[in-house]
Amino acid sequence: MIPDLSDYKWIVPDFIWEIDEYIDLDKIRKALPSSEDLAKLAPDLDKIADSLSLLKDFFTTGSPGETAFRATDHGSESDKHYKKVSDKEKIDQLQEELLHTQLKYQRILERLEKENKELRKLVLQKDDKGIHHRKLKKSLIDMYSEVLDVLSDYDASYNTQDHLPRVVVVGDQSAGKTSVLEMIAQARIFPRGSGEMMTRSPVKVTLSEGPHHVALFKDSSREFDLTKEEDLAALRHEIELRMRKNVKEGCTVSPETISLNVKGPGLQRMVLVDLPGVINTVTSGMAPDTKETIFSISKAYMQNPNAIILCIQDGSVDAERSIVTDLVSQMDPHGRRTIFVLTKVDLAEKNVASPSRIQQIIEGKLFPMKALGYFAVVTGKGNSSESIEAIREYEEEFFQNSKLLKTSMLKAHQVTTRNLSLAVSDCFWKMVRESVEQQADSFKATRFNLETEWKNNYPRLRELDRNELFEKAKNEILDEVISLSQVTPKHWEEILQQSLWERVSTHVIENIYLPAAQTMNSGTFNTTVDIKLKQWTDKQLPNKAVEVAWETLQEEFSRFMTEPKGKEHDDIFDKLKEAVKEESIKRHKWNDFAEDSLRVIQHNALEDRSISDKQQWDAAIYFMEEALQARLKDTENAIENMIGPDWKKRWLYWKNRTQEQSVHNETKNELEKMLKCNEEHPAYLASDEITTVRKNLESRGVEVDPSLIKDTWHQVYRRHFLKTALNHCNLCRRGFYYYQRHFIDSELECNDVVLFWRIQRMLAITANTLRQQLTNTEVRRLEKNVKEVLEDFAEDGEKKIKLLTGKRVQLAEDLKKVREIQEKLDAFIEALHQEK
């Protein structure tokens, strides 16, 4: 029953173990007398006892014969009684001695462990401070944990091709899984709740030795000091937040793994995965599929043939209520990689009427499952504020006084979380050594297959994974943004002027020119124009100009982003570029002060009426003619749609007019007759004129509505007015001489040409101002926005997966991961051989 002290051989000097090389122990043993020879030399104790009894009889009173008989009779009775008493006492005494011996060695072992822990801590601290000036290598367990982290990223669904060992901690909800794990980690690191589900996603805990008791997450550099209560509380809160973040909306648990490293002096090196507790019933507040999801997560981890299953059973409840044992027996029917742990044994001993039932549970006789080993532990009194040290002391005190040990129902090596931790660690490393090289070979084969597939499908392309492709796309996008600054000022001003006129032309002609042209003299015309231009400049024009400039910048940016680059164009970046473009445009806002400065500039430009030379006059006439011809063309199309096809189209294309189009045509003809009679007719029909037109049409059998007459008149008069304005524009070609003399002694008045010159000049000045704002400010701000968007996208893994997709990307990703896994596995195997 002496514990295994093989781990503490280092305490005894090395020459003791090698003493047989210097002294021939076999010769010494042969030279010594045998046990039989030694027995002959020893005195005959039975004869000495007989002689002493005869002496005693000689000195007693009474007849010699009587005394001798009495002595003989008394001796025989006392011998029988002595034998009965001594057998029972011997058994009790032996059990007592056995317990004392166990406790004695247990204390010695604990003392040695404590001393060893302190010594190792000092050594690690010295190495940590660099006293030995040597570069520390990563520990084996850290290297192995990195392999598992890469695997979890590579294969989130935990595919069966990943057969590397883990210690999978499974159990019914509230069975004490988390408490057992905390006792092994020697810190209260997990969130707690009374009866509610706290473990909502798998937590991978990598235990390793270190000078300080700390914990840190795989994706964070912050270290939590596990000796400080505030850090422990912060760590528990962080784990809870990460679990809630992993759980998607409408779900209760998540298969996404949280990776945590715990370091400290004396910790057993291993990798454990704490899984959500198995439940029997879905309660209110849980998703309907919670039970099935937990089962699928547990099965996914346990079906790994090299996973060590740490099956946790609550000893304080009836064994028949356990769900997890059936699940474990399905995954490992022969019990070759299962370790059974009975928790809350103190409550079980107190509540169970027959202690032998606990023995049956420990020996696996009450369950269909089999196991490598069976352990009984105590994880506290149920108080969440208990420290690990207090729980350990309570556990040791309980087992020292427990009937389970005194009556030999349990063996000493089957109790306490310390013995459990040693056994699990030994089993874990045994499994690692047996399986890791086989796994490395399988990844080599996978790598070869992936490389062959890449060579066959993409022989001339580099193997760029998603991150490398993103960096390449990022550089291309930034180059395209810089290209905006290479656009010539002339090009900017041309497209700005053209786009601005397209935006405001309707307002200029419909709301300014046409109403002013209806006036009777030039003074009223100019007054009307000035008033309307002032109102337009104060309220709408600057805002419209900024909108046009912003849209122009977007169009140019989009053109640079989307135009093909010839043979170098890679369509794999198209979705990413489009997303960057949209997000950058969404974030970009034009300078708030731009409108105010534009308003002043535009107002000054429109107030100027002085045309300096004939060239400017001709340019204004050309600008006016183009604008009026465009409006005339639009009006002709509107009239054609209103009256239907003419006789030529009806004959050539076999088209007919509808009834409504025929009515519109008759109305148009009647209105044109009216205009021929009075070419200077005002823009609006009088009510008596509408009545006259209607009666004339009715006399020809055409029924018309007054509103139809008005709609037709609007288009007919508009065409008439535009044709007249174009004729007048043609007459004004020779009017620059009269303009210089302010049209004195001349019947020709060209105020409309001056209006269009003012508009044209305002457009040119506005385009120039907007171009300066673009090149000096807005292009740089847009470039800054693009950089910010790219930085945000670079940190968002889901966004990159969504925007950079396809077989080529996935194949490159798989290749990168498999190579990384293989390299880490090879480094781990090499380190493992060196340690061996």
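The values are calculated or read from the model by the stated rules, or taken from the named source; none is laboratory data. On a predicted model such as this, the values are computed, not experimentally measured, just so you know. Heads up, the Cβs are rebuilt from the backbone with ideal geometry, glycines too, and the neighbour counts pull from every protein chain shown. Ligands, DNA and RNA are excluded from the accessible area calculation, which covers all protein heavy atoms including side chains. Shrake-Rupley method; radii C 1.70, N 1.55, O 1.52, S 1.80 Å.
In whole percent, how big is the carbon plus sulfur part of the accessible area of the range 241-336, probe 1.4 Å, protein atoms only? Intermediate results must be reported in sequence, preceding the final value.
On the way: 1940 of 4140 Å².
Whole-percent figure for carbon plus sulfur exposure: 47.
How much accessible surface does residue 388 have with a 1.4 Å probe, in Å² rounded to 10?
Counting only protein heavy atoms, the figure is 20 Å².
Using only alpha carbons, build the gyration tensor for the range 534-602 and give me the equivalent ellipsoid semi-axes, biggest first, whole Å.
Semi-axes (√(5λ), whole Å): 35, 12, 8.
Need one value: the accessible area of residue 738 in square angstrom, 1.4 angstrom probe, rounded to the nearest 10.
Accessible surface of residue 738 is approximately 60 Å².
Loop-only GluC sites (Glu not before Pro) in the range 616-715, please: DSSP not H, G, I, E or B, and at most 16 other Cβ atoms within 10 Å.
When the GluC sites (Glu not before Pro) of the range 616-715 are filtered for loop state and at most 16 Cβ neighbours within 10 Å, 679, 680, 703 remain.
Suppose accessible area is computed on protein heavy atoms with a 1.4 Å probe; arrange 729, 251, 427 from highest to lowest.
251, 427, 729
I'd like the accessible area for residue 218: 1.4 Å probe, protein heavy atoms, all chains in place, Å² to the nearest 10.
100 Å²
Within the range 588-644, report the trypsin sites (Lys or Arg not before Pro) that DSSP leaves as loop and that have at most 12 other Cβ atoms within 10 Å.
Numbers: sites: 589, 599, 609, 614, 631, 633; in loops: 589, 609.
Here the trypsin sites (Lys or Arg not before Pro) that fit, given the DSSP loop and packing criteria, are 589.
Could you pull the Cα extents of the range 682-835 along its three principal axes, largest to smallest, in whole Å?
Extents along the principal axes, in whole Å: 112, 56, 22.
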